[in-house]
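First up is the structure itself, then whatever we jot down about it.
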Amino acid sequence: MTSTAMPTAEQHGLVAHSDGAFVPVQTRSERFRSVDVEDFAPVNGREREWKLSPVAAFADLTGGELDGSRPTIETTDAPGIAVSYIPRDDARIGTAGTPEERASANAWSNFGEALLISVSGEDEKVAAVTRTGLGNVPRAAHTVIEAAPNSRGLVVLAGTGEARLSENVEILVGDGASLTVVSLQEWDDEAVHLSSHFARLGRDAFLKHIVVSLGGKVVRVNPSTHLAEQGADIEALGLYFADAGQHLEQQVYVHHDAPHTKSRVTYKGALQGAGARSVWIGDVLIGNAATGTDSYEQNRNLVLTDGTRADSVPNLEIETGDIEGAGHASATGRFDDEQLFYLMARGIREDEARRLVVRGFLTDIVQKIGSADLEARLTAAIEAELEGR
């Protein structure tokens, strides 16, 4: 599925200026979008969206044919959360967002049916959908998570085992709804997973979106949230632990497009082992109609050993001066020696003291999930990472 057409100016990240000349894209909202993979030039690794990614490791997902059949899934039952399949021409598909890069468009071009997770009812409920046993065949998938107006619920979308997967996830949060979505990556060591999440929030809707990446050789989860109606609120959280030779990437985008919207973005990661790599890019756009916006994004990285690399790039665009507040922060550093000294002075061994510091650093995110069972599971997984298991 290799395109032979000459790339257009839009595919090169250019837009037409008022004088007819082409200039680089100046704002995130102007990026080229399409659901057709042939509309994107082949990936060479120099593109803005790919320059920090190991593109040679997943060339089959950005340009090759993908198996779009139904994956093997396991589900937990919960009254008020229904799981089914819908055809490609269902009206809900495409309403949350459109691909901005070739891997996402390739998955969109190749999936057969979309997995639909429907949330209804005002009582709190939890359900999990786990993809497993996908094998090493390059695959495409599409998931729609729809929360009815005024509904409440927590949905866990997890991945385990072998995989070479490119997928799109659309999240539709109805007016007044409160939804938590946890994207949990616990793939095998050689798995490759590229995922684009698109969320659209209605009036006074709330979404807590949590990305947890622990397993896999290359994992790239890019959530994009459109605060489309007044009063919409997003809390975007992320936790990742990169081991030797592992590449974990997140490119987060929040678009404030309506008055009195709110966003809080907090991603935390730890890195240990030679070649461990993390990438975090955070884009926040406050549009000219988004008066009264309240926004803040931050990324924190804890480096545990030599030979690791953490890229952290926060970006903030503001098109109106009538806002409540906006800001961003980024930090990457090693252990706090004073914390270690404090713990060791009280009789705690150095290795245990290090685990306590890392656990405290990361579990701040875990404790915000809202499910005791899942929080306990992730705390155990973090302990296993620290012990090298």
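A few remarks follow.
- Charge tally for Leu201 (other residues, Cβ to Cβ under 13 Å; Lys, Arg +1; Asp, Glu -1): -4.
- Pairs of Lys residues in the chain that lie 8 or more places apart, or on two chains, and have C-alpha atoms under 15 angstrom apart add up to 4.
- Note on the stretch 151-290: with charges restricted to the Cβ of Lys and Arg (+1) and Asp and Glu (-1), its dipole about the Cα centre is near 280 debye.
- Put a plus charge on the Cβ of each Lys and Arg, a minus charge on the Cβ of each Asp and Glu, and nothing anywhere else: the dipole of the chain about its Cα centre is then about 540 debye.
- Across the stretch 295-310, computed HN-Hα scalar couplings (Karplus, 6.51 cos²θ - 1.76 cosθ + 1.60, θ = phi - 60°) run 9, 7, 9, 8, 9, 10, 10, 10, 8, 9, 9, 6, x, 9, 8, 10 Hz from first to last residue, x flagging Gly and Pro.
- The residue list Ser53, Thr130, Ala205 was ranked by how far each Cα lies along the charge dipole of the chain toward its positive end, using unit charges on Cβ atoms, and Ser53 comes out on top.
- The GNM of the chain, with springs linking C-alpha atoms under 10 angstrom apart, assigns the highest mean-square fluctuation among Pro149, Pro71, Pro79 to Pro79.
- A Gaussian network model of the chain, with springs between Cα atoms under 10 Å, assigns the largest mean-square fluctuation among Val144, Val119, Val313 to Val313.
- Trypsin sites (Lys or Arg not before Pro) within the stretch 259-341, DSSP loop, no more than 14 other Cβ atoms inside 10 Å: Arg334
- Positive-pole candidate from Thr72, Gly287, His256, dipole of the chain, charges at beta carbon: Thr72
- Distant-in-sequence amide H partners of Ile171 (H built 1.01 Å from N, under 5 Å): Ile145, Phe198, Ala199, Arg200
Quick note: the coordinates plus some simple rules give every number you see, no bench work behind them. These numbers were taken from a predicted model, which means no experiment stands behind them. Note that each Cβ is placed from the backbone with ideal geometry, even for glycine, and that neighbours are counted across all protein chains shown.
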